[in-house]
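Here's the structure, in structure tokens; my notes come after.
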Amino acid sequence: MIESNQWEPEIIAFCCNYCAYAAADLAGSKRMQYPVNVRIIHTPCTGKIEMEHILEAFEKGIDGILVAGCLEGGCHFLEGNLRARKRTDRIREMLDEIGVGRERLKMVNFSAAMAPTFVERVKEIVETVRALGPNPLRESVKV
Ligand code: FES
């Protein structure tokens, strides 16, 4: 059993190849500090992130997910981020229905130059999830 004082949130940030990943990369280049709780998964476009990818990560016990794409109107695949927004909203509703909580999933949009905003959003989701506590599905994963 995980002791509550040992638990640290595990967060995934799905970052699209263009703006979001570039913003994360710029944050790294500028040596901007952000929590180590976040693992970045590089994706071609947020439109390529299927509902199954997100739900499976929660089923496996991940505590929070950030879906990070280009600014609306700026997706390099035209409407990928708009489709991702709809999927994310739908999954957030499902997370509430199953008692996991919608706050554990958030979609954010960046331009490639928005490294400080990227860092802020990462810090926000880590603090939000830390306040919520471990993913309730985490215990059932261990059984
Ligand atoms: Fe960035 Fe589509 S390429 S969201």
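Couple of notes before you dig in:
- Some residue of the stretch 72-79 being crowded, with 18+ Cβ neighbours inside 10 Å and within 10 Å of the ligand (Cβ to nearest atom): yes
- Some residue of the stretch 86-96 being farther than 27 Å from residue 36 by Cβ, without any contact (Cβ under 8 Å) to a residue 40 or more places away in the chain and among the β-branched types (Val, Ile, Thr): no
- Residue list for the stretch 25-71, filter: under 19 Å from residue 124 (Cα atoms) and either in contact with a Gly (Cβ under 6 Å, 6 or more places away or on another chain) or of a type in the set (D, E, K, R) (or both): 25, 31, 39, 63
- Test: residue in the stretch 122-135 that is within 16 Å of the ligand (Cβ to nearest atom) and open to solvent by 60 Å² or more (accessible area, probe 1.4 Å): no
- Test: residue in the stretch 32-51 that is surrounded by fewer than 15 Cβ atoms within 10 Å (Cβ to Cβ), touching a helix residue (DSSP H, G or I) at 6+ places or on another chain (Cβ under 7 Å) and within 20 Å of residue 138 (Cα to Cα): yes
- Residue within the stretch 92-104 that is surrounded by 14 or more Cβ atoms within 10 Å (Cβ to Cβ), within 16 Å of the ligand (Cβ to nearest atom) and on the phi < 0 side of the Ramachandran plot present: no
- Failed condition for residue 16, given (1) within 16 Å of the ligand (Cβ to nearest atom); (2) open to solvent by 10 Å² or more (accessible area, probe 1.4 Å): (2)
- Condition met for residue 117 (within 13 Å of residue 11 (Cβ to Cβ), polar (S, T, N, Q), open to solvent by less than 70 Å² (accessible area, probe 1.4 Å) and under 16 Å from the mean Cα position of the chain (by Cα)): no
- A Cβ distance below 9 Å, combined with a sequence gap of six or more or placement on separate chains, defines the contacts here; from the stretch 15-35, residues that are polar (S, T, N, Q) reach residues that are open to solvent by 70 Å² or more (accessible area, probe 1.4 Å) in the pairs 17/42; 17/44; 17/76.
- Of 100, 108, all but one fail to be in contact with a Pro (Cβ under 7 Å, 6 or more places away or on another chain), of a type in the set (A, V, I, L, M, F, W, C) and under 20 Å from residue 9 (Cα atoms); the exception is 100.
The values are calculated or read from the model by the stated rules, or taken from the named source; none is laboratory data. Since we're looking at a predicted model, the values are computed, not measured. No Cβ is skipped: glycine too gets one built from the backbone with ideal geometry, and neighbour counts run over all protein chains shown. We work out accessible area using only protein heavy atoms, side chains counted, and drop any ligands, DNA or RNA first. Shrake-Rupley method; radii C 1.70, N 1.55, O 1.52, S 1.80 Å.
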